1. Is it fair to say B:F167 is more than 14 Å from every other protein chain (Cβ to nearest Cβ) and either over 17 Å from the mean Cα position of the chain (by Cα) or surrounded by 15 or more Cβ atoms within 10 Å (Cβ to Cβ) (or both)?
2. Scan segment B:82-122 residue by residue and report those that are β-branched (V, I, T) and open to solvent by 10 Å² or more (accessible area, probe 1.4 Å).
3. Look through segment C:123-137, keep the residues that are closer than 16 Å to C:H111 by Cα, open to solvent by 60 Å² or more (accessible area, probe 1.4 Å) and more than 7 Å from chain A (Cβ to nearest Cβ), and return whichever of them is nearest to the chain's Cα centre (by Cα).
4. Looking at segment A:69-81, which of the residues that are in a strand (DSSP E or B) and closer than 13 Å to A:L117 by Cα is nearest to the other protein chains (Cβ to nearest Cβ)?
5. State which residue is surrounded by the fewest Cβ atoms within 10 Å (Cβ to Cβ) when the search covers only segment C:31-57 and only residues that are hydroxyl-bearing (S, T, Y) and in a helix (DSSP H, G or I).
6. Going by the conditions given, is A:L279 of a type outside the set (V, I, T), open to solvent by less than 10 Å² (accessible area, probe 1.4 Å) and touching a His at 6+ places or on another chain (Cβ under 7 Å)?
7. If A:S184 satisfies all but one of (1) polar (S, T, N, Q); (2) within 14 Å of chain C (Cβ to nearest Cβ); (3) over 22 Å from C:L95 (Cβ atoms), what's the number of the condition it fails?
8. Looking only at segment A:214-224, count every residue that is touching a residue at least 40 places away in the same chain (Cβ under 8 Å) and in contact with a strand residue (DSSP E or B) (Cβ under 7 Å, 6 or more places away or on another chain) and tell me the total.
Amino acid sequence: MEPKAAPTFHKTVETFTSGAKTLPQRYLTSQEVFTKEQERIFSTHWLCAGHQSQLAKAGDYLTQEVVGESLILLRDSKGEVRGFYNVCRHRGTRLCEEKSGHLQAIQCPYHAWTYGLDGRLIGAPHMDKVDGFDRAEHSLHAVSLALWEGFIFVNLAENPAPPETVFAPLAGKFTHWNVPSLRSAKRIEYDVRANWKLICENYSECYHCPLVHPTLAKLTPYDAAENDLFEGPFLGGFMPITKGHSLTMSGNACALPVGDIQGEDHHRVFYYSLFPNMLLSLHPDYVMVHQLWPQSSDRTLILCDWFFHPDAFGRPDFRPDDAIEFWDMTNKQDWHVCELSQQGIASRAYQPGPYSPRESIPAAWDREYLRALGELNRS
Amino acid sequence: MEPKAAPTFHKTVETFTSGAKTLPQRYLTSQEVFTKEQERIFSTHWLCAGHQSQLAKAGDYLTQEVVGESLILLRDSKGEVRGFYNVCRHRGTRLCEEKSGHLQAIQCPYHAWTYGLDGRLIGAPHMDKVDGFDRAEHSLHAVSLALWEGFIFVNLAENPAPPETVFAPLAGKFTHWNVPSLRSAKRIEYDVRANWKLICENYSECYHCPLVHPTLAKLTPYDAAENDLFEGPFLGGFMPITKGHSLTMSGNACALPVGDIQGEDHHRVFYYSLFPNMLLSLHPDYVMVHQLWPQSSDRTLILCDWFFHPDAFGRPDFRPDDAIEFWDMTNKQDWHVCELSQQGIASRAYQPGPYSPRESIPAAWDREYLRALGELNRS
Amino acid sequence: MEPKAAPTFHKTVETFTSGAKTLPQRYLTSQEVFTKEQERIFSTHWLCAGHQSQLAKAGDYLTQEVVGESLILLRDSKGEVRGFYNVCRHRGTRLCEEKSGHLQAIQCPYHAWTYGLDGRLIGAPHMDKVDGFDRAEHSLHAVSLALWEGFIFVNLAENPAPPETVFAPLAGKFTHWNVPSLRSAKRIEYDVRANWKLICENYSECYHCPLVHPTLAKLTPYDAAENDLFEGPFLGGFMPITKGHSLTMSGNACALPVGDIQGEDHHRVFYYSLFPNMLLSLHPDYVMVHQLWPQSSDRTLILCDWFFHPDAFGRPDFRPDDAIEFWDMTNKQDWHVCELSQQGIASRAYQPGPYSPRESIPAAWDREYLRALGELNRS
């Protein structure tokens, strides 16, 4: 493989502004704010819902719950990835019940109305006897869909922002990690009793690492983060990994490098939050992705996938569990403190508290959140 | 037995009107509509709550939850069936905890206030020392009750419509099935995560039978229904059963005929919905009855009883499980697709869909429902 | 031990006023009333939350949920009992997760902010780099706390009524029972599906004893209560115990006398309700205390502790289970009828019913409750 250009990191220097505080209580506990978020953020933004490798061939599908909607994501006969509302046009019946599978066509289990992989109604018994019934008017309702670096993004808005504009700030940034070609080895689903924003804030700082993650803190010094994106919808940077080690239970690399990793990046883990629902963690030997799916003001479903180089699978040195077990342990440590925060924040004694200099990214994340909600100057 | 007059079926011919659509979303998902239904329909209509054979002798009782109210239904010392609110007049305590049983009198388990089977307060320790206390003013609150074809109907309204007027359209219709004399062999209770109206619509058509009920569809052709009641609170008709067969697991009759079944009726199953909560299925060898008890906009408790000729019990050819197992399987197939419909209808993508010519009875049922809710021209 | 002065019982004679009725439905079923109670009663009154013997040495702590707030109750380095909201001043995290334990200092499990046992912030990594950050402004939020007869009372009000004024009517009343020195042998927690007021009413009369408590009714005649406090926040009196017996499974005393019990008090059990959340039951050989913690209009958590003379522990004649088992059985009998009342009172058929002459204390309790809610003349 020919070496590619180094990623174009911003050279701006991050500075910490004293005075930033945690969010007021209502953002983390009120049903009203939750509803507003579901409308203004999760119904209008591009949301990560999977990776193209999870739809390997025509007819493969995933279902994903988004803002209370079940969506069918599938690869059609022409190889395109498409998304549909999982709702029959006859009597509204849920079409696909499984989380994933393979289909020739989409047949409703109730009265056998049948749709092609492109969503067009191709069979509806007895409906030819109904005056004025037109199959073409009864296709499945489609949902907007985009691919970025191989990840599948969905958007419930009628006129979503163009994805090429939205993702422009990240153009070329992750080329070396070869993300579109990677394959998922494992998905773990977590049901966390905490507001999704607490999980984003938690991901965005390592001030908590010494007490919460003793194993992680040995491999990556908690105070050595270098952020290159520190305002806006995409935030993060890298942390060094002790040379000769990897973020695994054994401390050793567990797979082939995911891509054309360059120089110091062999000893770095890159952590980025992609507003609103994706956390992207790029290691030399694997890529971990969290999808956040808020269920209520105090509950979030989290899907975590681990991706590896496609050639890594089946090799004798491939030990994905070494990484998965490491992060499953670390994830659970995080969810636990997020749940404790959720509990305390619900108290009448809670007041926004002061962020430390080690929490500049959570503070920036909060600003972006308030901006998206249209409340940056009101909180 | 002397042959009786044939049932007087209406001779009007059913015609299908193109253009009928399924109900708008709010009727199937909103808490507000649910509350309105509980008030305007379930608190004012006659509701099937059992059969007189379930109260064989004086002192036998059932309890039934109706619109959040626990009712005691019992046979009193004079042999009359009566209904009372299950609430002590002293401190409001629930009197009977069991679903059924036998009583000499109704004694409150808290302070021993005691009521006769006619509801009159007959014992209240120490209350004679209370100035102005009059036992006669502290009888149990009664609920209106009627018997129709041996079935017990209750009505929570203060001035319910006369049952003889309400049931007049069905007069003489089921005489041959001997319904008042039948005995229940089995009750199964189902907790279904679907709106009660989806269950009524499902009961009212066999368009879904080929895919949902492969076993049933072999014994009774899905497209051969002949309806004789196709507008109003009572809807339905018959479907032929393959000659020499019965709707049982084995395909054979499982009991003596329930009554004086005539001619072609030996090969017919009659399905009627009695608005709002009763589904009456008359087979040559048994009668099945569903009671629907809505719990919320997306949940319905269903009681299903199987009734047989009283002389059938104890005979060597009595195999009630052959019928019960058949319909328990078929019921569960129905509940499953109703639950899938409930899920899909909650979507923002749901729109009322077109009924097929095989769904004229669900369309008529919907009209009757909207009429009862006072919204026929508003939906 | 030198005999102390006899308790000063009021000599007023209790008279029963005919005409008192049970509370209207809304007080026992509405969410709105529950919220009002939580604000006007449970957020402003002194609430029993434990006994000083449960915090034996410096660093011992309990956590207790009060009106949705988790509180830390602890003994500090100077031996004082203190209370704090269980909420970190940094990001709001719950500090203590356990129900009880021992601490040197209070360290937040998230980012290691650390507080002394007096609540002062003594450690906050990296915060010295934040302009204007002052540790003194980030102590734990304290909650008002008082000791009465060795019991720990908390009060969430900003300016609570002085406890010495509140408890003045009970001054000297329980001296003989030696309550501050007693030790708890056992706590049982009950989750009861009934409004807390039904539990207070139930505690306040023995009219229900013949049917509900056959074992208790044999040891203490249900109609022999002599009340000495019969209006106001503290209500109750004594009931005789058959001579030579104790309220235990065996009927025998199970421990040393709790204090300097005098004359007839050897054969008496004293039952007092201390509005709003404490039920105090003084026996010759043990003291039982119920704490009531309303969770919703139809659910109450109840903590029940049994206290004994500190010298009783370890003696061969110490059989605490004989008393605990007796009252655990009796408690459950009570909770069951309270749950039945809750069910019946929710009915549209419920109307306030007439109290009997044996229910004068429940009637007085209801008046005090309505007074506290500011609705005595409105119900």
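1. Yes; evaluated as a whole, the condition is true for this residue.
2. Scanning segment B:82-122 gives B:T114, B:I122.
3. Here the residue is C:R135.
4. Taking the candidates together, the pick is A:I72.
5. Taking the candidates together, the pick is C:T35.
6. Yes: the conditions hold for A:L279.
7. Tallying (1) polar (S, T, N, Q); (2) within 14 Å of chain C (Cβ to nearest Cβ); (3) over 22 Å from C:L95 (Cβ atoms), A:S184 fails exactly one: (2).
8. Result for segment A:214-224: 1.
The values are calculated or read from the model by the stated rules, or taken from the named source; none is laboratory data. These figures come from a predicted structure and were not determined experimentally. Note that each Cβ is placed from the backbone with ideal geometry, even for glycine, and that neighbours are counted across all protein chains shown. In case anyone asks, the SASA skips ligands and DNA or RNA and just uses the protein heavy atoms, side chains included. Shrake-Rupley method; radii C 1.70, N 1.55, O 1.52, S 1.80 Å.
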